[in-house]
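*Asks:* Pasting in a structure now, in structure tokens, and then I'll have a few things to ask.
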Amino acid sequence: MNYRLKTTQDDNDEKQPIWTAFVKIASLLGFEKKNITISLIAILVNSGMTLLGPLVVGYTIDKYIENKDYHGVLIFSGILLVVYVIAFFGSYIQTSVMGAVGQRTLFRLRNAVFTKLQELPLAFFNENKAGDLISRINNDTQRLNSFFSQTLMQFTGNAFTIVGAAIFILVINWRLGLAALVPAAILMILTRVTSNWIKKINLRDARAEGALSSEIQESLENFKVILAFNRRDYFKEKFNVANIVNFRMSIIAGLGNNIFSPVYDFASNIAQLVVLIYGIYLIAHGQLAIGLLVSFLLYIGRFYDPLRQFASFWSTLQIALAGWERISEITKLESNLPILPAETMHKATLAAHSRSIMRFENVSFAYPGDDGSDGDDEKNRGKKVLSNVSFNFDKGKTYALVGPTGGGKTTTASLAARLFDPSAGVIYLNGKDIRTYAPDERTQKIGFILQEPYLFSGTVKENILYGNKKYENSTTPELVEILKKDGLEKILQRFEGGLDTPIAGNADSLSLGQRQLIAFMRAVLRTPELLILDEATANIDTVTEQLLEEILRKLPKETTKVVIAHRLNTIENADEIFFVNGGTITPAGSMEHAVDMLLHNKRRS
Amino acid sequence: MENSAPIAKNPSLFGILKPYAWLTTGLILLGLATNGLNLILPKIIAQGIDVYVQTHAVLTTVLWEFFWVALGTFIFAYLQSIAQTYASEKVARDLRTKVVAKIAKQSYTYIQEVTAGKLLTNLTSDIDNIKNFVGQAFVSIISSAFLVIGSAVLMILIDWRLALAVLATLPFIGIAFALVFSRMRLFFKKSQEVVDWLNKIINASILGAAVVRVLNSKEGEDKKFIEANTRATDLGIKIIRLFAVMFPVIGFIANFATLVILLLGGHFIIENSLTIGNFTAFVSYLGIIIFPIIMIGFLSNSISQASASYGRIYGTLTAPDKKENGTVEKTLRGDIEMKKVSVCYGEKQVLKEVSFKVKARTRTAILGPTAAGKTHLLYLLMGILNPTNGEVFYDDALVGDYDPESLHRQVGLVFQDSIMFNMSLRENIAFSKTVKDADLQKALDTAELADFVETLPGKLDAMVMERGTSLSGGQKQRIMLARALALNPKVLLLDDFTARVDESTEQKILANLRKNYPELTLVSVTQKISSVEDFEQIVLLMEGEVLAKGTHAELMESSPEYVQIFDSQRSTNTL
């Protein structure tokens, strides 16, 4: 599966008719039928009452004011007051119910995105820039937020008022009504014609914005390199390019989004002019009363004012839809690591596997991109990293993977932890296809200390217990005891504040070595059956490292350890050494053999 | 760069507009023209109706008048929106450029203190707030005030008694709005905090994706997320409830004003002191006046947001520049000396009175355990970190006295963490603009990258992703080395370079270095004795202090700590 999300500004986005937008929004609101019904009734009442107002006013003018009957004016003012009071309650119910629907929908939407983000495999994160992902999710959910929290309820209210006003004027006098609606019809056509363009320029604007913020983020986070290599100018230049692109896109988007408001005003004015000319003509021919002309002019306002707001809602809707589309790109993705149904195993096969915890059988692996789509810009795309390798990890033994950089050691380890699935072949964990394990069971059995561990902001303690269900509620003294038991308390001394040492994100406040120590404690506390250390001690000094080895020795006898390292002393205790290079994995036999291969094999990375 | 406007003591939001005086003036004029014309329309309609009622004749001049005014409104309104878009985007662009130019002048310490995240907010959401101010709030407030006052005046001119009655209801809209809005602002502030919280969780789940998958901690992350998400929804619903009260109240008051017009206006018409046309005009002006009242309230919020944002940006813009750059520009011999150098972060002492000398063209290893302060030491030598106390010399001059450009051209640093930029491999390596092709090739050969580059689809033009996820750890390290070597440096600083590169490659690279860069002074931070055993000097650093220095043989005699480390690594050295 190709996980690369669109970031370029291509112009061939699929065209979507307006109604699909409503279908999409409606499908998001599907859960709330009852509340939507309630608020629709409220909207009907509110709009009906709002629309009744001008009619009452016009009627009062014709019937009573023209005839100088002030008593009738008083009575009808009373009626008008009742109408307004009902409208008040209708409006309240409409706004509160519809608003709550919007908030709950947003809640579901955010959850859906986050859950999907958690489901997707690591490949997804490798193929997309972190900055772009973050901007996509944060900004785009924010755009949907402003739509659902504010626009949606006004939008529906306005829609009803507009339709109602149109019906009223057609009923009062259909000829005058039709004439008054002509400018609106022209507006509709105009909106329709431009809507795809509007959506496109907004989408492009959003992308330019994402590019700008990831540009800034990349540079700021790597500021020390920029300093050390005198590239302040480079920082400014690259930023300026992104800044100017963003400027252009925003201007185009702004011009497009802002054209509607004046156009709608103009249409409204023209409609008034039409009503005035034609209305007076009708009155002259005795087909309309002057009071109704006043009502008519009020209805024009009731019709065109919301229509004008409708225009700005429309652009918010377009922006929200553009955001929704960018987010759907993510939610549409499926994990390419599905859990297979458990298979029934022959007893014989099981027995054959009883000694080994993990077996690679004819495993091949290539990084995605061999479909040739857009993969030619990156070196590892489509390159075969492992071809048809088979080997065993036996229970309780220690294995070392050695080999030149780029030879495939980390890839092998990642496959063992099922961060990826092999492109061919099967990996067995305890005799069962690793793909049949539920994630919690699999990760319970396999511990993996990554090359560059990520720490979450919080304290050392929180990071050690991260994802650890067994100890997650331990108090600090309890945890100290637990750590002592495993011999981990000496490591803890490397942190000034002990368990409570604060950690600020993945910041530079801790050295890489210290981060690796935390990752080490985190993994050991989970007592995995298979523990993989991917150069997990590369930046730790040798004295501390001996300490770690001691701890590893104290692990239960059945624990299988797989160590990836360059420093040979870290692997001298290995029971078996595998040499990983050029797509193959060869048992090295002895340490000397391994060293020999390392020193003399031609690097093929 | 244009001269920044004279900056007042207190950052005034309107000060931003000073350099754009003509644009702003045009904007205001266009806004006033649009709204002025808008105000005339009801009056024209009233005239048309009245003329008809009195004479039963249609006045064509009135109709034409109406048409031209409507057209004029349209043209001015669109011109105004163009000007608004242009002005706001221009201000935003210029402000971003200014902020970036300022950041680019700052020191590494500054970025660390302020944090990249805050600067990013400065450049994105803070500037967006200012953009909103320039693009919408600024003109809208002036226009709104104009509309409110204009409508009020026109109403009074038509019939002062009716006008006063109608205008008397309007303050209630203001009061209702102010009451609700003050509470809403509180909620808005809270909901911004919740959004930040949500974003933090999302960011961690993206940056820590690998860890989350290895530890299967989805559930915990989900729980955190749902908690934040629930809070956000609860707050959202609270805000909605306030809206739900505010809108109907305002609507009702506006309707009530219509009722007043009907009751009182009807009475006046019956008395013959008001025409039907003017009655209609009153209803229209009522429609015009209400929206701006609400608008002013909303915009005051946008102004206060923009002010806060500008305050933050102003802080960044006026942060003291890093101290004056040195001016010494000369070719380095390569002698290095540290004299009693200490580095402190608050109470935390990272380096304590470190002193040592490195002779030109020799190789020195800085050996020490995790968190000994080795990396800080290299940053000091690079001049991207300043010592709290003590002095760092190259040849006979202080690091700070050198022109940084000239210094960085001659001193190359290979960072411990691999930092790749989202651009081609060539640009990633020839990162400085002065790199010549021959130097680039020599760097590639030395870093043992030439073969690897050959295997790439686009050779040196292959793109490297951010965070370099598609390259192996060792490849990234070697690219970092090539990047430093491409400068043809006099001094090379290596930060734990050997950690990610296998033994045979490392030895080849060290040999290449001696062959291709015989003039080089090398300072290598490492954990591994075997690769530096033959270096002219080894400095043992522990917990920020120099414990011992000398050759391997000397240290084996004099330093028990060194012997301990050596022993821990010895078993494999004998192989």
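The values are calculated or read from the model by the stated rules, or taken from the named source; none is laboratory data. Keep in mind that this is a model prediction, so the values were computed, not measured. So basically every Cβ, Gly included, is an ideal-geometry build from the backbone, and we count neighbours across all protein chains shown.
*Asks:* Which ones in the range A:472-487 are over 25 Å from A:Glu545 (Cα atoms) and assigned to a loop (DSSP other than H, G, I, E, B)?
*Replies:* A:Glu472, A:Asn473, A:Ser474, A:Thr475 - these are the residues of the range A:472-487 that are over 25 Å from A:Glu545 (Cα atoms) and assigned to a loop (DSSP other than H, G, I, E, B).
*Asks:* While we're here: I'm trying to understand the selection: among the residues of the range A:84-114, which are at the interface with chain B (Cβ under 7 Å from one of its Cβ atoms) and hydroxyl-bearing (Ser, Thr, Tyr)?
*Replies:* Hits for the range A:84-114 are A:Tyr84, A:Ser91, A:Tyr92, A:Thr95, A:Ser96.
*Asks:* OK, next. Go through the residues of the range B:188-199 one by one and say whether even a single one is closer than 22 Å to A:Met521 by Cβ, assigned to a helix (DSSP H, G or I) and at the interface with chain A (Cβ under 7 Å from one of its Cβ atoms).
*Replies:* No, the range B:188-199 contains no residue that is closer than 22 Å to A:Met521 by Cβ, assigned to a helix (DSSP H, G or I) and at the interface with chain A (Cβ under 7 Å from one of its Cβ atoms).
*Asks:* Restricting to the range A:240-278, give me the number of residues that are charged (D, E, K, R) and either more than 30 Å from A:Phe223 (Cα to Cα) or within 7 Å of chain B (Cβ to nearest Cβ) (or both).
*Replies:* Number satisfying all stated conditions: 1.
*Asks:* In this structure, is B:Ser307 at pLDDT 80 or above and either in contact with an Asp or Glu (Cβ under 7 Å, 6 or more places away or on another chain) or assigned to a helix (DSSP H, G or I) (or both)?
*Replies:* yes
*Asks:* Restrict the check to the range A:279-296 and report whether at least one residue is within 10 Å of chain B (Cβ to nearest Cβ), among the polar types (S, T, N, Q) and surrounded by fewer than 23 Cβ atoms within 10 Å (Cβ to Cβ).
*Replies:* no
*Asks:* How many of the residues in the range B:95-108 are without any contact (Cβ under 8 Å) to a residue 60 or more places away in the chain and not basic (Lys, Arg)?
*Replies:* Here the count works out to 2.
*Asks:* Here's another thing I want to ask about it. Quick check on B:Glu554: is it surrounded by 17 or more Cβ atoms within 10 Å (Cβ to Cβ), among the acidic types (Asp, Glu) and in a helix (DSSP H, G or I)?
*Replies:* no
*Asks:* While we're looking at this one, here's another question. Does the range A:548-559 include one or more residues that are crowded, with 22+ Cβ neighbours inside 10 Å, in the same structural domain as A:Pro453 (by TED's automatic domain parsing), in a helix (DSSP H, G or I) and of a type outside the set (Phe, Trp, Tyr)?
*Replies:* Scanning the range A:548-559, I find at least one residue that is crowded, with 22+ Cβ neighbours inside 10 Å, in the same structural domain as A:Pro453 (by TED's automatic domain parsing), in a helix (DSSP H, G or I) and of a type outside the set (Phe, Trp, Tyr), so the answer is yes.
*Asks:* For the range B:476-504, which positions are within 9 Å of chain A (Cβ to nearest Cβ) and at pLDDT below 80?
*Replies:* Listed by number, the residues that qualify are B:Thr498, B:Ala499, B:Arg500, B:Val501, B:Asp502, B:Glu503, B:Ser504.
*Asks:* In addition: Out of all the residues in the range B:263-278, which are touching a residue at least 40 places away in the same chain (Cβ under 8 Å) and assigned to a helix (DSSP H, G or I)?
*Replies:* Selection gives B:Leu264, B:Gly265, B:Phe268, B:Ile276, B:Gly277, B:Asn278.
*Asks:* Still on this structure, please answer the following. Is one or more of the residues making up the range B:440-452 in contact (Cβ under 8 Å) with a residue 24 or more places away in the chain, at positive phi, out of contact with any Gly (no Cβ under 8 Å at 6 or more places or on another chain) and surrounded by fewer than 23 Cβ atoms within 10 Å (Cβ to Cβ)?
*Replies:* The answer is no; no qualifying residue exists.
*Asks:* Go through the range A:210-239 and report how many residues are facing chain B (nearest Cβ under 7 Å) and under 18 Å from B:Val435 (Cβ atoms). Before you say what the answer is, go through the steps one by one.
*Replies:* Initially, the range A:210-239 is screened for residues facing chain B (nearest Cβ under 7 Å), giving A:213, A:216-218, A:220-225, A:227-232, A:235-236, A:239.
Now narrow it down to the ones that are under 18 Å from B:Val435 (Cβ atoms): A:225, A:227-232, A:235.
So the answer is 8.
*Asks:* Of the residues B:Ser302, B:Ser273, which single one is within 30 Å of B:Ile45 (Cα to Cα), away from chain A (no Cβ under 11 Å) and surrounded by fewer than 19 Cβ atoms within 10 Å (Cβ to Cβ)?
*Replies:* B:Ser273
*Asks:* Going by the structure shown, is B:Lys352 under 15 Å from B:Val546 (Cα atoms), assigned by TED's automatic domain parsing to the domain that holds B:Val411, assigned to a strand (DSSP E or B) and without any contact (Cβ under 8 Å) to a residue 40 or more places away in the chain?
*Replies:* No, not satisfied.
*Asks:* To continue, here is another question. Could you list all residues from the range B:109-133 that are touching a residue at least 40 places away in the same chain (Cβ under 8 Å) and in contact with a Leu (Cβ under 7 Å, 6 or more places away or on another chain)?
*Replies:* B:Thr109, B:Leu119, B:Ile127, B:Ile130, B:Phe133
*Asks:* Next question, about the same structure. When the residues of the range B:107-122 are filtered to those that are farther than 9 Å from A:Phe223 by Cβ and of a type in the set (Gly, Ala, Ser), which remaining residue is surrounded by the fewest Cβ atoms within 10 Å (Cβ to Cβ)?
*Replies:* Per the criteria, the residue is B:Gly117.
*Asks:* Within the range B:454-463, does at least one residue satisfy the condition of being at the interface with another protein chain (Cβ under 7 Å from one of its Cβ atoms) and within 31 Å of the chain's Cα centre (by Cα)?
*Replies:* Looking through the range B:454-463, at least one residue is at the interface with another protein chain (Cβ under 7 Å from one of its Cβ atoms) and within 31 Å of the chain's Cα centre (by Cα).
*Asks:* Within the range B:50-69, track down each residue that is within 18 Å of B:Thr280 (Cα to Cα), in a helix (DSSP H, G or I) and facing chain A (nearest Cβ under 7 Å).
*Replies:* Of everything in the range B:50-69, those that are within 18 Å of B:Thr280 (Cα to Cα), in a helix (DSSP H, G or I) and facing chain A (nearest Cβ under 7 Å) turn out to be B:Tyr52, B:Val53, B:Leu63, B:Phe66.
*Asks:* While we're on this one: From B:Gln84, B:Gln106, B:Gln136, which residue is at pLDDT 85 or above and over 30 Å from B:Ile276 (Cβ atoms)? I'd like the intermediate steps shown before the answer.
*Replies:* On the way: B:Gln106 fails: at pLDDT 85 or above; B:Gln136 fails: at pLDDT 85 or above.
Step by step, each of B:Gln84, B:Gln106, B:Gln136 is checked, and only B:Gln84 is at pLDDT 85 or above and over 30 Å from B:Ile276 (Cβ atoms).
*Asks:* Something else about it: Could you please find all residues in the range B:413-433 being touching a residue at least 60 places away in the same chain (Cβ under 8 Å) and facing another protein chain (nearest Cβ under 8 Å)?
*Replies:* Answer for the range B:413-433, where residues must be touching a residue at least 60 places away in the same chain (Cβ under 8 Å) and facing another protein chain (nearest Cβ under 8 Å): B:Leu413, B:Phe415, B:Gln416, B:Ile419.
*Asks:* Continuing with this model, one more query. Show me the strands (runs of 3 or more DSSP E) entirely contained within the range A:390-471 in which 1 or more residues are crowded, with 17+ Cβ neighbours inside 10 Å, touching a Lys or Arg at 6+ places or on another chain (Cβ under 7 Å) and among the hydrophobic types (A, V, I, L, M, F, W, C). Talk me through it step by step, then tell me what you get.
*Replies:* Values: elements: A:398-402, A:424-429, A:446-449.
Counting at least 1 such residues, we get A:398-402, A:424-429.
*Asks:* Still on this structure: Do we find that A:Gly589 is modelled with pLDDT under 75 and of a type in the set (Gly, Ala, Ser) in this structure? Explain how you work it out, then say what you get.
*Replies:* Working: modelled with pLDDT under 75: yes; of a type in the set (Gly, Ala, Ser): yes.
Spelling it out, A:Gly589 is indeed modelled with pLDDT under 75 and of a type in the set (Gly, Ala, Ser).
*Asks:* Separate question: Please state which of the following conditions B:Leu385 fails to meet, knowing it meets all the rest: (1) closer than 30 Å to A:Asp305 by Cα; (2) of a type in the set (A, V, I, L, M); (3) in a loop (DSSP other than H, G, I, E, B).
*Replies:* (1)
*Asks:* How about the range A:226-238: which of its residues are in a helix (DSSP H, G or I) and either of a type in the set (Lys, Arg) or buried (at least 21 other Cβ atoms within 10 Å of the Cβ) (or both)?
*Replies:* The answer is A:Ile226, A:Leu227, A:Ala228, A:Arg232, A:Phe235, A:Lys236, A:Lys238.
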